[in-house]
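Only one structure is covered here, and it is reproduced in the block below.
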């Protein structure tokens, strides 16, 4: 008796509105992502992107040969954007907003394949409005791109499962692209393998899909080898604890630990869990492919990363942003099972926390560093002859965000810039050079970055103490101080 299970896709609707639904939800996602896109301050990782995008092509190639090759495709893309549109917070964040639009439109298409136009509309729209998606639509990093490619790769898998042979080649290309944007994205391949095992599509289909997966992974092997050789540059990641799974689930719904009051975060979480419970209870009436696609996609990558993190901490939530479309798909499937009035209730319950979360992530100080306050303070208070001194890991890269301001403020603590060294970190001046420079500076702006990993914080604290001692020895005393999110700004003068 054959165990082959034919994968049936929902028949395309002749309704023009249904045909355009993915485009509509994509535009909604783009619009939400663009709203207030330049208001949040650039922080450490984004500042690195801005710095790299301003380098010359030889400097970029030199950097990727030494460090951060795993982000190389994104850096190259940002470099090209910078060549065309210039380097600013807006131009570096805009591609992420476009990637989110692609992800929302893609999920609308995928939902339509799995369960029809209504499921596609609900899934794409939900992804577009989730605050965590919007947060990464406004970040100059690669994570929104990984999410978009993950959605498209999953759609290609569904097409291939249905016997569309030509989609297997596209699937292989998308898996390769997924890995080149971020190697953690390859965890999706394990989820897809579970989906294939659950659906048992037949030997012919399996023999097309497995080589496609292997080809996609093989294309990423050079990056994996280079990234492994550069693994010492990986930043600190918190240890996994018993509360990590719950914290990760709430992060999928609303980013950051202080985005929402605890009560509203709990309301949002419980509403989502209730919807998933409803879907499980009525699974026999839900489109069968929704479970086979959505559950492994949502569960397998974080479980694998949790297991890997038992040896070396790697469980950074942002690495798993590409699992968020799976949650949106499952929640949309649950909503589609309800009558219209209950659908409205399910939409209204999380409306307040979602709205408040959107407002919170668009505040100037919603990121780890409120660098905008540094810029506005220096614009209004710095005078000719002033100098600047940074303390904290990569804090000195703040100077690359607005070259027009920092060009007239000599950086006393840097001996060689990161671009000159072909690295991500400036070479600090030794104590002799720093003292010589301080002796010639009548006023010094001391910028201290406090939002750091534990190891970097300890190092930065020692640096801050040494710099303050050097300032005191050269006759400088505090004349102005201001604290903001993750930063202290102090003016020393003689």
*Restricting attention to region 299-308, does a residue exist that is surrounded by 15 or more Cβ atoms within 10 Å (Cβ to Cβ), in contact with a helix residue (DSSP H, G or I) (Cβ under 9 Å, 6 or more places away or on another chain) and not in a helix (DSSP H, G or I)?*
no
*Mind counting the residues in region 337-353 that are buried (at least 22 other Cβ atoms within 10 Å of the Cβ) and part of a helix (DSSP H, G or I)?*
1
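Out of the residues in region 179-202 meeting the condition of being closer than 24 Å to residue 69 by Cα and without any contact (Cβ under 8 Å) to a residue 60 or more places away in the chain, tell me which one is farthest from the chain's Cα centre (by Cα). I'd like the intermediate steps shown before the answer.
Step one: list which residues in region 179-202 are closer than 24 Å to residue 69 by Cα, which gives 179-190.
Going one step further and asking which of them are without any contact (Cβ under 8 Å) to a residue 60 or more places away in the chain, we end up with 179, 186, 189.
On the way: 179: 15, 186: 16, 189: 19 Å.
Out of the qualifying residues, it is 189.
Only one residue in 80, 110, 127 is surrounded by fewer than 24 Cβ atoms within 10 Å (Cβ to Cβ), part of a helix (DSSP H, G or I), at pLDDT 95 or above and in the same structural domain as residue 293 (by TED's automatic domain parsing), so which one is that?
Details: 110 fails: surrounded by fewer than 24 Cβ atoms within 10 Å (Cβ to Cβ); 127 fails: surrounded by fewer than 24 Cβ atoms within 10 Å (Cβ to Cβ).
The match here is 80.
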*Test residue 275 against the stated conditions and say whether it is modelled with pLDDT of 90 or more and within 30 Å of residue 343 (Cβ to Cβ).*
yes
*For region 361-380, what are the residues that are touching a helix residue (DSSP H, G or I) at 6+ places or on another chain (Cβ under 8 Å), part of a helix (DSSP H, G or I) and over 22 Å from residue 414 (Cβ atoms)?*
361
*Select from region 87-112 the residues that are within 19 Å of residue 178 (Cα to Cα) and free of Cβ contacts under 8 Å to residues at least 60 places away in the same chain and list them in ascending order.*
95, 99
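Return the residues of region 46-66 that are outside any loop (DSSP other than H, G, I, E, B) and crowded, with 18+ Cβ neighbours inside 10 Å; say none if nothing qualifies. Walk me through how you get there before you give the answer.
In the first step, residues of region 46-66 are kept if they are outside any loop (DSSP other than H, G, I, E, B); the result is 46-53, 57-66.
Listed by number, the residues that qualify are 46, 47, 48, 49, 50, 51, 52, 53, 60, 63, 64.
Identify, from the list 169, 105, the residue that is in a helix (DSSP H, G or I) and either under 23 Å from the mean Cα position of the chain (by Cα) or crowded, with 24+ Cβ neighbours inside 10 Å (or both). So that I can check it myself, show each step before the final result.
Values: 169 fails: either under 23 Å from the mean Cα position of the chain (by Cα) or crowded, with 24+ Cβ neighbours inside 10 Å (or both).
Testing whether each residue is in a helix (DSSP H, G or I) and either under 23 Å from the mean Cα position of the chain (by Cα) or crowded, with 24+ Cβ neighbours inside 10 Å (or both) leaves just 105.
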*Any chance region 208-219 includes a residue that's at pLDDT below 85, assigned to a helix (DSSP H, G or I), out of contact with any strand residue (DSSP E or B) (no Cβ under 9 Å at 6 or more places or on another chain) and loosely packed, with under 14 Cβ neighbours inside 10 Å?*
no
_Unique residue being in the same structural domain as residue 141 (by TED's automatic domain parsing) and either modelled with pLDDT of 90 or more or surrounded by fewer than 14 Cβ atoms within 10 Å (Cβ to Cβ) (or both) when the list is 187, 260_ = 187
*State all residues of region 240-268 that are in a loop (DSSP other than H, G, I, E, B), in contact with a helix residue (DSSP H, G or I) (Cβ under 8 Å, 6 or more places away or on another chain) and closer than 13 Å to residue 309 by Cβ; if no residue qualifies, say none.*
240
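Of all strands (runs of 3 or more DSSP E) completely enclosed by region 381-465, which ones contain at least 3 residues that are surrounded by 22 or more Cβ atoms within 10 Å (Cβ to Cβ) and in contact with a strand residue (DSSP E or B) (Cβ under 9 Å, 6 or more places away or on another chain)?
On the way: elements: 387-391, 414-416, 443-449.
Where strands (runs of 3 or more DSSP E) fall fully within region 381-465 and carry at least 3 residues being surrounded by 22 or more Cβ atoms within 10 Å (Cβ to Cβ) and in contact with a strand residue (DSSP E or B) (Cβ under 9 Å, 6 or more places away or on another chain), they are 387-391, 443-449.
The values are calculated or read from the model by the stated rules, or taken from the named source; none is laboratory data. Everything numeric in this text was worked out from a predicted model, so none of it was measured. Positions of Cβ are generated from backbone atoms using ideal geometry, with glycine treated the same way; all protein chains shown enter the neighbour counts.
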